[in-house]
Amino acid sequence: MAELQHTRLHAGLYALAALLLVVQAAWFYLVGDYDRILLPALLAPLLITAALMRLGQPETARLSAYLVLVCGYLLVAMELPAQSSLAPFWLGLPPVLTLLLLPLGPAMLLNLTLTPLWLLLGENLLDLDLALGYLSLVMVAGLAPWEILHQRSLLQATDPLDEECDAIRRSALHDRLHSECERAALLHQRLAVLVIHLPQLEMAGEQFGPGARRALLGSLCDTVARCSRDHDLLGREGDADFWLVLPDTSESGALLVRQRLEEALHRAVLLDTGPVETRLTDCHLRHGESPGHFMQRLQATVQRQVNG
Amino acid sequence: MQSKYKVGLLRLNLLLAALLPALMAPASANLTEALLLWMAAGWLAVSAVLVEFSHRRPPLVPWQLLPSLLLTALLLTAPERFPIWLWAWAALVMLPQPAWMSVLNLLLAALSWGWLAHAMPPEQAAFSGAVLAALLLLGLSRSRDLAPLRGIARRRAHLAPGLRLWPRAQLGRDLPRERARIRRDGVHGELVLLRTGRRRFWHQAQRLCTLTRSFEHCYRLDGRTLAALLLSPDAEQAEHRRAELLAALGPIQRLRATPLSRIVSLADECRALERQTEATGPAREVDHG
């Protein structure tokens, strides 16, 4: 949903920018500045194209950012020599535009390599103070996307929940499985793990889009939450592979959970993909088995499931 | 490991960014301008020192607000020297921030644009205003990206990567579940609250995490209180274990241990710890009584 809003907002903004350029061209016509009409008049259709491309596939969407960037660069490059008093002001636009449109790495690289070009383009711009001002703008503005990246990777490293569904993510799952093995050993309990594979997931994403994919994941997580106890733990081992950790569960208990889950999942019918197909296998921690070995066995089970 | 590397680079970028305004300060026309530039450099340098890869110190709102105020002040005092920095508003708006602060930033951006627009021909002023508005919107959309994620995830994310320390909200969720499990398993479980000094807090939090078993979760209740859910076969061994833990942890100010079956609410336990005068006295009474 957020992704769609984003796309529309960007496309809308590009279209508005095109409109702005048309207005500018009309203004030049009205004041009789015929030499300068050409550029905005040429760039406006280019921006419209970018707006349409933004609505397309991810590949073309990325291209549209470059298109908008080129438009911005050309406008500023034409503007810089023309008006010397406002040139320092317009000089700040390209680096910020780059940072807003491109990912941090390419944006920083582009900004730093283009520095001498921008400063040489204007007539009286080769001034130490302005160069420092430009560089500080590049550096400081670059900090904002960097902070976003920092926060995002921090959340990824500390948030136990997966981004797409209500299962815990792989690293957290391994930690928790380790600690559950340890607990089971200490309290002399059994530990079972149901290995779940969703064969439809990849196909759902490719054929019906991210919505169908999320619906499938959501239905699995909801069904598991309904069929299991409060302290059972669903984790995402791979893209379409899940482990349901069942502490203090005997072999017959795990079998029961498995049957219940299979039935409930088969009853769940989704709009795009139909009944939810799953492959389930139950594995049990052997007496005296190390957590590492148990984990290897589980991963081998996942492999077998994926292959057939 | 990759994340550590990123923090190093981020710190370098912050330091470089701090260096530039410091270099510009000597060329200032008056004292206010120089002072503002030094403050900007100082803010960036202190941020570089504070940056780290954990949730230990979430950025405080006044600290985040400072660059916006500095930028406004710089643009108002010396519009002819720093017009280029007007575009920095798009980056400031991009930072993850509460909604009211985004609004404030937009207002400040409009104010400084209005101030600069005085000196421009009207058509240039209008054009630059429209371009700035578009950039601000682009920046805002980037910041809104992360906002919903942040609020919810903070309450369940553990506080530093690799450290088994969870926020207080998580203990509220774990407590009933753990109580039910312990009743089923027939073992003795207890909630241990530890009051440490503020300065020793992170050191002792790390010690606590290494001294407890991997299935015994540890929590940070506030800036100087730690909690842990400990499991033992029976009450006697629990006491033995607690004594060992205490000896290994080093000096702490107060300790309170309550069997999970007796806990009414977490808030009550925290109040009881607050009222407690002896270091460990009543804990034992509760245990046996």
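The values are calculated or read from the model by the stated rules, or taken from the named source; none is laboratory data. Computed from a predicted model, the values in this text were never measured in an experiment. Because the Cβ atoms are built from the backbone with ideal geometry, glycine has one as well, and the counts that use them run over all protein chains shown.
Would you tally the residues in segment B:93-117 being in contact (Cβ under 8 Å) with a residue 12 or more places away in the chain and either at the interface with chain A (Cβ under 7 Å from one of its Cβ atoms) or over 23 Å from A:HIS150 (Cα atoms) (or both)?
Counting residues in segment B:93-117 that are in contact (Cβ under 8 Å) with a residue 12 or more places away in the chain and either at the interface with chain A (Cβ under 7 Å from one of its Cβ atoms) or over 23 Å from A:HIS150 (Cα atoms) (or both) gives 13.
If we keep just the residues of segment B:76-92 that are outside any helix (DSSP H, G or I) and touching a residue at least 24 places away in the same chain (Cβ under 8 Å), which is nearest to the other protein chains (Cβ to nearest Cβ)?
Across segment B:76-92, the extreme among qualifying residues is B:ARG81.
Here is a check on your reading of the model: is A:ALA87 surrounded by 22 or more Cβ atoms within 10 Å (Cβ to Cβ) and of a type in the set (A, V, I, L, M)?
yes
In this structure, does B:THR72 turn out to be in contact (Cβ under 8 Å) with a residue 12 or more places away in the chain, more than 7 Å from chain A (Cβ to nearest Cβ), surrounded by 15 or more Cβ atoms within 10 Å (Cβ to Cβ) and within 27 Å of the chain's Cα centre (by Cα)?
So B:THR72 fits the description; yes.
Any idea how many residues of segment B:39-64 are surrounded by 15 or more Cβ atoms within 10 Å (Cβ to Cβ), hydrophobic (A, V, I, L, M, F, W, C) and part of a helix (DSSP H, G or I)?
Adding up the residues that qualify gives 7.
Here is a list: A:LEU270, A:LEU298, A:LEU220. Which entry is modelled with pLDDT under 90 and among the aliphatic types (A, V, I, L, M)?
Result: A:LEU270 is the single residue among A:LEU270, A:LEU298, A:LEU220 that is modelled with pLDDT under 90 and among the aliphatic types (A, V, I, L, M).
I want to confirm something. Restricting to segment A:133-182 and keeping residues that are surrounded by fewer than 17 Cβ atoms within 10 Å (Cβ to Cβ) and in a loop (DSSP other than H, G, I, E, B), which single residue is nearest to the other protein chains (Cβ to nearest Cβ)?
The selected residue is A:GLU163.
Please go through segment B:27-60 and give me each residue that is within 12 Å of chain A (Cβ to nearest Cβ) and either closer than 18 Å to B:TRP85 by Cβ or among the hydroxyl-bearing types (Ser, Thr, Tyr) (or both), ordered by number.
Scanning segment B:27-60 gives B:ALA27, B:SER28, B:ALA29, B:GLU33, B:LEU37, B:ALA40, B:ALA41, B:TRP43, B:LEU44, B:SER47, B:SER54.
Looking only at segment A:197-242, which residues are over 24 Å from the mean Cα position of the chain (by Cα) and in contact (Cβ under 8 Å) with a residue 60 or more places away in the chain?
A:LEU233
Mind listing whichever residues of segment B:203-258 are of a type in the set (A, V, I, L, M, F, W, C) and within 15 Å of B:LEU163 (Cβ to Cβ)?
Of everything in segment B:203-258, those that are of a type in the set (A, V, I, L, M, F, W, C) and within 15 Å of B:LEU163 (Cβ to Cβ) turn out to be B:ALA205, B:LEU208, B:CYS209, B:LEU211, B:CYS218, B:LEU226, B:ALA227, B:ALA228.
Can you run down the residue pairs with Cβ atoms below 6 Å, 6 or more apart or on separate chains, where the first is in segment A:86-99 and in the same structural domain as A:VAL138 (by TED's automatic domain parsing) and the partner is of a type in the set (Val, Ile, Thr)?
Every condition considered, the pairs that remain are A:PRO88/B:ILE84; A:TRP90/A:VAL76; A:LEU91/B:ILE84; A:GLY92/B:ILE84; A:LEU93/A:VAL76; A:PRO94/A:VAL76; A:PRO95/A:VAL138.
So if I check each of B:ARG154, B:ARG144, which one is more than 7 Å from chain A (Cβ to nearest Cβ), assigned to a helix (DSSP H, G or I) and under 30 Å from B:ASP174 (Cα atoms)?
Criteria check complete, one pass: B:ARG154.
Being surrounded by fewer than 16 Cβ atoms within 10 Å (Cβ to Cβ), at pLDDT 85 or above, more than 9 Å from chain B (Cβ to nearest Cβ) and closer than 30 Å to A:GLU206 by Cα is the requirement here; does A:PRO58 meet it?
The answer is no for A:PRO58.
Going by what's in this entry, would A:ALA2 be described as of a type in the set (A, V, I, L, M) and either on the phi > 0 side of the Ramachandran plot or modelled with pLDDT of 90 or more (or both)?
Taking the combined requirement at face value, the residue does not satisfy it.
Just to check your reading of the model, which residue among A:LEU80, A:LEU130, A:LEU117 is more than 10 Å from every other protein chain (Cβ to nearest Cβ), in contact (Cβ under 8 Å) with a residue 24 or more places away in the chain and either in a helix (DSSP H, G or I) or under 30 Å from the mean Cα position of the chain (by Cα) (or both)?
Matching residue, one of A:LEU80, A:LEU130, A:LEU117: A:LEU80.
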